[in-house]
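Novice: Before anything else, here's the structure in question.
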Amino acid sequence: MMHAEHPAGRSADYSAQEATSVARSFDVDPSAGLSDAQAARRLARDGPNALDKTVATPLWRKLLAQFRDPLVYLLIGAVVVALGAWLVEGREGWPVDAVVIAAVLLVNAALGFVQESRAANAVAALAKMTTSTATVLREARRQQVPSADLVAGDVLMLEEGDAVGADARLLTAAALHVQEASLTGESQAVLKSADAVPSPAPLAERTSMVFKGTAVVQGSGRAIVTATGMATEMGSIAAMLEATTQEPTPLQREVARIGRTLGMAVIIIALVVVGTILIISDIDGIADVVTVLLLGVSLAVAAVPEGLPAILSLVLALGVQRMAARNAVVKKLSSVETLGAATVICSDKTGTLTRSEMTIQRIVTASGDSLITGSGYAPQGEAQTVELTGEADALVVEQALLLNGGSLANNAALDEQDGRWQVQGDPTEAAFLVAERKLGADQRRRARFERVDQIPFTSERKMMSTIERDLDHDGRLTVVSKGAPDVLIGRCNRIRIGHEVLPMTPEHRAAAAAAVERLSGEALRTLAVAYRPLDPGEDAQAQETLERDLIFIGTAGIMDPPREEAGVAIDEAHRAGIRVLMITGDHPVTAARIAAMLRITSADPDVLTGTELDAMDDAALGAALREVSVFARVAPVHKMRIVDALQADGQVVAMTGDGVNDAPALKAADIGIAMGVTGTEVTKEASRMILTDDNFATIVEAVREGRNIFDNIRKFLRYLLSSNMGEVLTVFLGVVGAGIIGLNAPGDHALVLPLLATQILWINLVTDSGPAIAMGVDPAVGDVMAKPPRRTDAPAIDFRMWRGVVEIGLVMAIATLLTIDLNLPGGMIAGHHDLDQARTAGFTVLVLAQLFNCFSARSETVSAFTHIFVNHWLWAAVLLSAALQIAVVHLDALNIAFGTVPLTLSQWLVCLAMASSVLWFAEFRKLFLRRGSRV
């Protein structure tokens with residue numbers, strides 16, 4: 001009877017079904033595979049075994065995205081008004097205001113576009129990573145086909161070194177170990193079996209399944225393809241990644257808020273001023289209307305810091321460069337500051353907090369318990385005695401024997417390439433090779449033994465053996481075994497103690513079992529080693545009798561060690577008020593042990609598993625997240641839920657990871673941090689920041705830099721906004737009080753502006769920009785890591801700062817208008833200069849006042865004279881801005897462009913004295929605030 005052809009999909013949990021049942025459901029004979037016709041029909045029906053590709057965003061759309069900012073909208077409005085006024089006036093000359101503002105907009109867009117142009121599509125990278133070929137059984141013969149041509153029902157032939165091309169249910173498995181760390185976070189290669197598993201089982205425990213994108217590191221097997229393309233577990237991650245949107249960073253939200261605030265202020269000021277003009281002035285003809293429009297442009301130009309977007313981009317870009325020098329590569333400018341606001345760092349364990357290099361840490365033999373120092377694959381370390389139960393010389397012999405035996409019963413290889421030690425094969429087996437080399441015991445073993453045969457590992461036997469020719473004993477054959485301690489101890493009747501072989505007593509067995517329990521309690525994976533010289537004439541092919549009457553040597557405790565620097569970094573994060581959560585696919589006991597070693601939480605931490613998370617609703621999960629810091633056996637969807645729940649609780653979440661399974665959570669987090677060395681291309685593309693040294697400590701340095709950057713952003717915002725407030729109030733009060741200060745055109749009552757729009761543009765773009773950028777690299781004041789993370793709902797510009805902005809701006813405006821009055825014939829103070837001279841003097845006072853203000857703006861309460869010389873760039877920018885102001889006052893070409901005239905030395909001194917009033921007022925204000933804070 002023919003069965004309906006079964007499409008690929010995850011509708012059933014095939015890991016819990018018997019292999020024969022799965023074969024029937026996919027209408028395939030496991031001994032012959034599909035026919036070519038069947039494969040062709042299924043490929044046409046289900047499509048290629050590939051991940052969906054998203055349409056790339058056109059460059060023009062990416063460029064337009066740079067203009068989505070309230071500040072930019074205001075400036076575009078100013079350009080439109082300026083162009084309209086220019087057209088109404090008869091298009092005389094160049095529309096300087098419009099051209100300059102438009103140029104600023106283009107420069108800012110170019111900066112953002114260039115910095116973010118390398119951001120690529122993560123799903124496309126995922127598809128590229130998983131491109132490979134596969135061996136299948138079709139038409140009763142082995143065939144090599146592209147992985148893209150695999151279909152549901154194909155019989156996969158798996159061997160060591162193969163990449164798994166699709167999700168599949170195992171039919172057979174012979175010592176099959178699959179490395180699934182990139183998918184599940186499991187640090188150890190997973191032993192697979194054809195036996196069905198209980199349902200439901202977490203992804204990491206579906207031992208009867210193999211998954212697309214993983215790799216076979218040992219053994220062989222056959223499997224029926226159950227899912228292809230987007231229906232695979234890898235496809236599920238790709239779909240999650242595509243559906244995940246990146247939220248704006250706290251800095252982006254704050255800048256947008258500032259833009260909205262300034263926008264409303266501009267509208268209100270413009271309405272008030274225009275309304276006032278209409279009331280107090282005689283509007284007669286188109287010329288007066290054009291003048292009012294120009295006043296509107298002047299107010300817009302004065303109120304909006306045109307250079308803010310570009311200055312912000314430049315300051316962030318400088319921060320990016322500093323962080324890159326510290327091994328943190330930031331892909332998106334606005335993400336630089338986000339880490340400074342992070343309240344939680346969610347970290348994967350394998351490869352992030354640990355080295356992702358299985359290492360033997362303990363050896364227990366009859367004569368004692370030893371610690372093997374050093375971590376990772378670099379063979380640097382030594383044996384240190386933890387407990388001596390026999391002779392010290394005997395312990396040394398036993399250590400070497402155990403590591404020699406584990407290295408003989410072994411199919412891994414250890415090589416040094418370009419100064420870095422790498423392994424091929426099972427990382428757990430490689431741990432024996434590394435430890436053996438640490439003790440210098442490898443050379444003698446290599447020269448003495450020669451492999452004759454092996455008995456591979458099986459899940460039923462839980463051990464493997466090799467038959468070695470002992471060249472030191474006339475080529476006598478020896479069987480060397482490595483496996484689960486409980487199994488291996490049961491096959492031993494003797495024990496090695498130093499150079500002697502003694503009968504294994506019940507006391508020996510109890511001591512060996514206690515050692516295994518002790519090591520397992522410390523989250524170490526245990527493997528025992530034994531051996532037996534074969535009797536002369538014994539059949540080395542009789543495998544069923546070889547692994548008996550063995551001589552027990554001892555047990556090794558193995559783990560993926562934590563990074564030495566990670567614990568220090570976690571302590572620093574806690575000091576900065578940042579929680580660190582471990583989210584891993586590894587075993588709960590292992591996760592708890594690593595978390596305690598790294599001081600993430602208490603010595604006996606609570607651990608939540610993925611199965612337990614599935615049973616929680618969102619409210620229960622939110623409550624659990626406030627108490628629990630370790631999560632184990634989690635799937636990608638659980639990581640997403642954790643990130644979403646933390647963000648819903650108002651947390652700013654940084655998420656680290658290196659595997660494919662981390663990518664969706666990295667994209668959803670406020671800032672995703674990928675490992676640059678061990679991380680997959682998928683995580684690198686989905687993240688906002690990449691650690692080029694895979695060092696968790698680099699994150700803490702990035703947090704420090706992010707906090708300093710935010711403090712500096714507040715500094716130059718205080719400076720720019722108070723300067724712009726001075727310009728706005730100068731224009732507003734100058735128009736309203738024109739009669740008081742004598743600011744009228746000779747012989748009539750026409751409207752006269754205290755400053756020209758081009759002069760305000762000069763201040764905003766030339767003399768203000770340099771100091772603002774220099775303030776963006778100001779050294780940190782105090783210990784920024786001693787403060788808790790700033791609240792995301794706390795504005796960058798609080799009420800006290802806004803009050804200071806208005807007060808400083810008012811002092812600037814008064815100083816500027818008094819200078820204008822001092823030079824004009826009318827007004828409160830009789831002068832004898834014309835309008836151009838008075839306007840130039842007022843223009844100069846405003847510029848110099850802002851240069852004085854840049855020193856005061858470095859702190860809300862600390863005196864400007866404290867550490868005044870620490871920022872050499874600020875002094876250079878101030879001197880440059882002063883030189884440019886001298887040029888605009890005294891160069892003929894600039895006189896014409898900006899409506900200025902030369903000033904005398906005495907006039908310069910007066911301007912300098914008037915401008916300094918801003919500094920003295922700020923000092924008195926800071927003194928008052930300091931005294932107030934002590935009350």
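The values are calculated or read from the model by the stated rules, or taken from the named source; none is laboratory data. Keep in mind it's a predicted model, so treat the numbers as computed, not measured. Positions of Cβ are backbone-derived with ideal geometry, glycine not excepted, and every protein chain shown enters the neighbour counts.
Novice: I'd like the full set of residues that are among the β-branched types (Val, Ile, Thr) and in a helix (DSSP H, G or I), limited to the range 11-31.
Specialist: Thr20, Val22
Novice: Please enumerate the residues belonging to the range 759-779 that are assigned to a helix (DSSP H, G or I) and of a type in the set (Val, Ile, Thr).
Specialist: Ile760, Ile763, Val766, Thr767, Ile773
Novice: Restricting the range 562-607 to residues that are hydroxyl-bearing (Ser, Thr, Tyr) and buried (at least 19 other Cβ atoms within 10 Å of the Cβ), which is farthest from the chain's Cα centre (by Cα)?
Specialist: Only one residue tops the list, namely Thr590.
Novice: May I pose another question? So is Gly381 more than 25 Å from Ala511 (Cα to Cα), assigned to a loop (DSSP other than H, G, I, E, B) and without any contact (Cβ under 8 Å) to a residue 60 or more places away in the chain or not?
Specialist: For Gly381, the condition - more than 25 Å from Ala511 (Cα to Cα), assigned to a loop (DSSP other than H, G, I, E, B) and without any contact (Cβ under 8 Å) to a residue 60 or more places away in the chain - is met.
Novice: Output the qualifying pairs, or none if there are none: Cβ atoms under 9 angstrom, residues six or more apart or on different chains, first residue in the range 487-516 and of a type in the set (Asp, Glu), second residue surrounded by 13 or more Cβ atoms within 10 Å (Cβ to Cβ) and assigned to a helix (DSSP H, G or I).
Specialist: Here the result reads Glu500/Ala394, each pair linking the range 487-516 to a residue that is surrounded by 13 or more Cβ atoms within 10 Å (Cβ to Cβ) and assigned to a helix (DSSP H, G or I).
Novice: Among the candidates Leu414, Leu402, which residue alone is touching a strand residue (DSSP E or B) at 6+ places or on another chain (Cβ under 6 Å) and in a helix (DSSP H, G or I)?
Specialist: Leu402
Novice: Would you be able to say whether some residue in the range 780-799 is within 18 Å of Val918 (Cα to Cα), out of contact with any strand residue (DSSP E or B) (no Cβ under 7 Å at 6 or more places or on another chain) and part of a helix (DSSP H, G or I)?
Specialist: no
Novice: Here's something else I'd like to know. Since Gly657 meets every condition but one in (1) farther than 25 Å from Ala623 by Cα; (2) crowded, with 24+ Cβ neighbours inside 10 Å; (3) among the small types (Gly, Ala, Ser), which condition does it not meet?
Specialist: So the condition that Gly657 fails would be (1).
Novice: Can you name the residue in the range 610-638 that is touching a Pro at 6+ places or on another chain (Cβ under 7 Å), modelled with pLDDT under 90 and of a type outside the set (A, V, I, L, M) and is also surrounded by the fewest Cβ atoms within 10 Å (Cβ to Cβ) among such residues?
Specialist: Thr611
For (1) touching a helix residue (DSSP H, G or I) at 6+ places or on another chain (Cβ under 7 Å); (2) β-branched (Val, Ile, Thr); (3) at pLDDT 85 or above, each residue gets a yes or a no:
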| residue | (1), (2), (3) |
| --- | --- |
| Ile763 | yes, yes, no |
| Arg790 | yes, no, no |
| Asp793 | no, no, no |
| Phe799 | no, no, no |
| Met812 | yes, no, yes |
| His832 | no, no, no |
| Thr844 | yes, yes, yes |
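Novice: If you don't mind, another one. Scan the range 182-198 and give yes if some residue there is farther than 30 Å from Met559 by Cβ, surrounded by fewer than 16 Cβ atoms within 10 Å (Cβ to Cβ), over 37 Å from the mean Cα position of the chain (by Cα) and at pLDDT 75 or above, otherwise no.
Specialist: No - not one qualifying residue is present in the range 182-198.
Novice: So which residues in the range 146-168 are in a strand (DSSP E or B) and surrounded by fewer than 24 Cβ atoms within 10 Å (Cβ to Cβ)?
Specialist: Result: Pro146, Met157, Glu159, Ala163.
Novice: Which residues, counting only those in the range 519-533, are buried (at least 16 other Cβ atoms within 10 Å of the Cβ) and either over 28 Å from Gly368 (Cβ atoms) or in contact with a Leu (Cβ under 9 Å, 6 or more places away or on another chain) (or both)?
Specialist: Result: Arg525, Thr526, Leu527, Ala528, Val529, Ala530, Tyr531, Arg532.
Novice: Could you please give the count of residues in the range 454-473 that are closer than 15 Å to Arg532 by Cβ and touching a helix residue (DSSP H, G or I) at 6+ places or on another chain (Cβ under 6 Å)?
Specialist: Residues flagged as closer than 15 Å to Arg532 by Cβ and touching a helix residue (DSSP H, G or I) at 6+ places or on another chain (Cβ under 6 Å) within the range 454-473 amount to 4.
Novice: Further question on the same structure: Looking only at strands (runs of 3 or more DSSP E) that lie completely in the range 436-554, which have at least 1 residues being among the basic types (Lys, Arg)?
Specialist: 449-455, 463-470, 476-483, 492-497, 525-533
Novice: Looking at the range 671-695, which of its residues are more than 10 Å from the chain's Cα centre (by Cα) and either at pLDDT 80 or above or closer than 12 Å to Arg326 by Cα (or both)?
Specialist: Listed by number, the residues that qualify are Thr692, Asp693, Asp694, Asn695.
Novice: Given the structure, is Ala324 surrounded by fewer than 20 Cβ atoms within 10 Å (Cβ to Cβ), out of contact with any Leu (no Cβ under 7 Å at 6 or more places or on another chain) and either free of Cβ contacts under 8 Å to residues at least 60 places away in the same chain or not in a strand (DSSP E or B) (or both)?
Specialist: Against the criterion (surrounded by fewer than 20 Cβ atoms within 10 Å (Cβ to Cβ), out of contact with any Leu (no Cβ under 7 Å at 6 or more places or on another chain) and either free of Cβ contacts under 8 Å to residues at least 60 places away in the same chain or not in a strand (DSSP E or B) (or both)), Ala324 qualifies.
Novice: For the range 834-869, which residues satisfy the criterion of being over 21 Å from Val731 (Cβ atoms) and of a type outside the set (Val, Ile, Thr)?
Specialist: Cys854, Phe855, Ser856, Ala857, Arg858, Ser859, Glu860, Ser863, Ala864, Phe865, His867, Phe869
Novice: With the condition kept exactly as written, say whether any residue in the range 422-431 is without any contact (Cβ under 8 Å) to a residue 60 or more places away in the chain and surrounded by fewer than 18 Cβ atoms within 10 Å (Cβ to Cβ).
Specialist: Checked the range 422-431: at least one residue is without any contact (Cβ under 8 Å) to a residue 60 or more places away in the chain and surrounded by fewer than 18 Cβ atoms within 10 Å (Cβ to Cβ).
Quick grid of which residues meet (1) of a type in the set (D, E, K, R); (2) not assigned by TED's automatic domain parsing to the domain that holds Gly381:
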| site | (1), (2) |
| --- | --- |
| Ile553 | no, no |
| Ile583 | no, yes |
| Asp586 | yes, yes |
| Val589 | no, yes |
| Leu598 | no, yes |
| Asp604 | yes, yes |
| Gly610 | no, yes |
| Ala615 | no, yes |
| Asp618 | yes, yes |
